[in-house]
Each structure stands twice: as C-alpha cells, then as structure tokens.
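FYI, it's all coordinate maths here, none of it is from the lab. Owing to the predicted nature of the structure, the values given are computational and were not obtained by experimental measurement. A quick note on method: Cβ atoms are made from the backbone with ideal geometry, for glycine too, and the neighbour counts reach across all protein chains shown.
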Amino acid sequence: MFLSVFDIFKIGVGPSSSHTMGPMVAAARFLDDLRSGRNRIPGAGAPARVSCRLHGSLAFTGKGHATDRAVVLGLAGFAPDTLDAQKAEAALKAIASDKHVAPDGLTLAFDPDKDVVFDYGPPLEGHANGMVLEAHDARDAQAHRETYFSIGGGFVLTAGELADPDKLDTQTADAKIPFPFETADQMLAMAEKSGLTIAEMKRRNEEVTHPRAELNKGIDRLLEVMDSCIERGLAQDGILPGGLNVRRRAPGIHGQLKDESGLNQPAPHIVNDWISVYAMAVNEENAAGGQVVTAPTNGAAGVVPAILRYYRDHITGATHDGLRDMLLTAAAIGGIVKHNASISGAECGCQAEVGSASAMAAGALCAAMGGNPKKVENAAEIALEHHLGMTCDPIKGLVQVPCIERNGLGAIKAVSAASLSLRGDGHHLVSLDACIKTMKETGADMSHKYKETSLGGLAVNVPDC
C-alpha cells in the first residue's frame, strides 16, 4: 500500500471532492476511453452522443454538491486542478444553448437538462457514490458504457477496479518502497527499528518516485494553495450560493480578533477562535466553489490548513521545514485511514471526513511540537476516537451547515489531542488501528440516512430548508 502525499492532498475545486471533483475526473477518464476506442462495444460506430446517470449519494445530494455541473464540465474537458472559473461558466452557458460538448478530439451531442439523470433508486452495488456514463453512435446504438465510483477525496475507480484493486496501475507498482507500512502498528515498528520520524519515513517513500527538489516544490505548492485559500476566505464577505442564505462569517470574526489582539489581557480561549476562523475561511471558500486542497476531502478541507496556520503564526520556533514535515506526517496518517477504512462521508459519515482530518492534523501538530512517533500515533487516535459516530447530514445537500463550523471544531479537537498526547508518554489503551477499525464498522452499521444523503438528521429537522 502506497498513497503519496499528492494523493491525499490534491488541488481542486469546491464544494465536494467526492461529488464535484470525482465526477469531473470520471468524465475525463470516460473521454480518454472514447478517444482511444478502448472497450468500444463491437459493431458500434464512433461515439456521437453522451449521457450520465447518477446513483446513491451522488443523486441525493448531487444538486447541492454541483455534481451535475461537474459532470458537464468534465465532459467539456475541464479538470479540477486547472479549472478556470470564468471559462467554466462560459462553457456551461454555451453547452446549455448548443446542446453539445466538444472536448479535444471529440464532438458529442449532450443536453445537460436531459442527459444528466439523478436516479433516486437503490445505490449501485459497491459504493454509495456511483455513476454510469454511456456513449451512443449516430444510429443511437450503445458504443461505450462504464461505471465509476467516486470513493472520497477525489479518488475514482471503475467498477472493475473496485472489484479487483490488484489490477490498478500505479507509478509505484514496481518501485521498492523502503517503509511500506499499511497500519499504524507497522509504522511504529518501522520507526522504532529505523530511528526515523514518521515524516522522515514518508519522505523516503516519496523520494522513490519524486526527487527531493521536486517533492519539496510539490509540497510547497500545496502549502501555498492552502494558505491562499485561508486568505481569500478571510477577505471575502457575502452570501454563500445554494439557497440557504448562509452568510460568510470568517471575515467578521477575523476582524474582531484583529481588533482584540491589542488588548492587554485577552481571554486565553481566544486562540480557539483563531483556529476556528482559519478552518471556516477554507470551508466557506469551498462552499462557494473556490480552489481548495483535499485534506483528505473537500468537506474536511479546513482542518489541516487551520493547524498549519496555527503552527506557523502562533507557535514560537515554527519553521518552513516543520510545515513540510507536518504535511508528510498528516499524509502518512491519512493514507492508513483510507487504506483500512474510508475517507468518504457517503460511505462512513462525517467521522470519515472531519474525523480523519482531525486525526491527520493532530498527529502532524504533535510531530511538529517534538512528539515521538508513539505520541504522534496517540494524538491521531485521540482525535479520531472523539469523532466516532459523527453523521453526515448536510442541510439541503450543501457543504455548509453543519460542515463549515464542524471543520473549526475538528481543528480545535486536533490541537487538544496533540496537547494531551504530548503530556503523556505515548502509551495508551486504544490504538489508532483499533480506532480506524471501529470507525469502519460504525460506518457500515450507520443508516444511509446519515451518510451524505440529506435524508435524516439536521437535513430534515431544520425547518424552511
């Protein structure tokens, strides 16, 4: 098992990594198959028309998560990491009028109002986030069909890949990874034997495929995008889209905090407000469809950046190398969670999103504050344990309420978890592996109403929504 720091942290757009970025990526993969003729149905002519059917959570919360827009943009040739908002809006208007998409090398009939179907029946077998893309030739005979699953964090698998993960092609398939840990226990054993930190082991794994200069450049780019997202969120006021009329709160809170910073004796707990406002700034940008970094998802994108900013601006002795090591440590923890459980709210509820993000941030901060690998693992466990059972019930299917504030509280929990661990000796009753296993089992037992369908919880109990 090897998940790169660039797999866990991806540059993309809001409001959702699984419901916006994933479908856009799936559409791009489908276009690649059409261009190459790969898997074309025998006897069919060249593809002339394309359509998409959304299932499960992609259908139930697809409107609020802009899934239909994402599919259209993906079929038009846009990608999450390079999306230009103005060009995207112009393309959407043109496609709605002209009823076709024309990505490089293809011209396909496509009516967004008819050819993106929200199927509210039973979800597809395999994962709650399923979608089927089809292409037909000029005689309307089916030319190509593929089923995709958006499994969280912008990761997309075909039905075949989901059924048989060993068939996946990765750049590290034949590479010798020096520290191939799949569990937290393995990670700790390798750290003890090697005498290396978790960040140092993760760096050596990354350097098998990414030379050091390239790796540092990529990490710095992630840090830059995270920080820019916070700055935009702190500066931009207004009402978030979607119909809930949720006002951006980060600029106002930030202004109050700056005004109070000159007071002689500010309340000690105000640091929690700083942490929260950093996280909320990110998630307000995400809710508006802005550029964010999956950390490990868009719905939980504010937690890790908030802790990075807290370390940089509020911790004496913070360094840039410390920020890099924090991101590597967080990626190591996030990879273990994804490999052994899930980071998808549609699969395991918000414990898999904000809970995972809080665990990643707690471990990262603990490491930056001098915690050894045992304390880092303990910090991650504490943070995840106290998100167990958290549901995903976004009101009106929007990544706004309770998601924005929830990121702030997830970041605060991360700091508390890191602090508690640093005051201990690393020994604890519940291991991170046991906690991850529990999270997976809890998610499996959780009613689908509370797993990103907006069919239960706050989504149905808040009036006039």
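Considering only DSSP beta bridges with both partners in the chain, what is the antiparallel share in %, to the nearest 5?
85 percent
If you take the charge dipole of the chain about its Cα centre, with +1 on Lys and Arg Cβ and -1 on Asp and Glu Cβ, which of A199, G371, G14 is farthest toward its positive end?
Highest projection toward the positive end goes to G14.
Calculate the spin-label point distance for S97 paired with V462, positioning each point 7 Å from the Cα along the beta-carbon direction, and give it in nanometres.
The modelled label-to-label distance comes out at 3.6 nm.
Where does each of F30, F6 land when they are ranked from fewest to most other beta-carbon atoms within 10 angstrom?
F6, F30
What FRET efficiency would be calculated for the residue pair L388, A163, taking the C-beta separation as r and a Förster radius of 25 Å, to the nearest 0.05?
E(calc), rounded to 0.05, equals 0.30.
Over the chain, what is the relative contact order in percent, taking alpha-carbon pairs closer than 8 angstrom and at least six residues apart?
Relative contact order for the chain comes out at 18 percent.
Using the Karplus equation 6.51 cos²θ - 1.76 cosθ + 1.60 (θ = phi - 60°), what ³J(HN,Hα) coupling, rounded to whole Hz, does each residue of segment 342-358 give in order, writing x for Gly and Pro?
Residue by residue, segment 342-358 yields 6, 10, 9, x, 6, 9, 10, x, 6, 4, 7, 9, 5, x, 5, 4, 5 Hz.
For a label point 7 Å from the Cα of H314 along Cα→C-beta, name the residues of segment 222-238 whose backbone N is under 17 Å from it.
Under 17 Å, as judged by backbone N against the label point of H314, lie 227, 230-231, 234 of segment 222-238.
At a Förster distance of 56 Å, what's the computed FRET efficiency of D425 paired with E89, Cβ-Cβ distance as r, to 0.05?
Efficiency at R0 = 56 Å is approximately 0.50.
Taking the Cβ of each residue in S344, S17, S51 as the centre, tally the other Cβ atoms inside 10 Å and list the residues starting with the fewest.
Fewest to most other Cβ atoms nearby, the residues stand as S51, S344, S17.
Order by neighbour count: S57, S454, fewest other Cβ atoms within 10 Å first, most last.
Fewest-to-most Cβ neighbours within 10 Å comes out as S454, S57.
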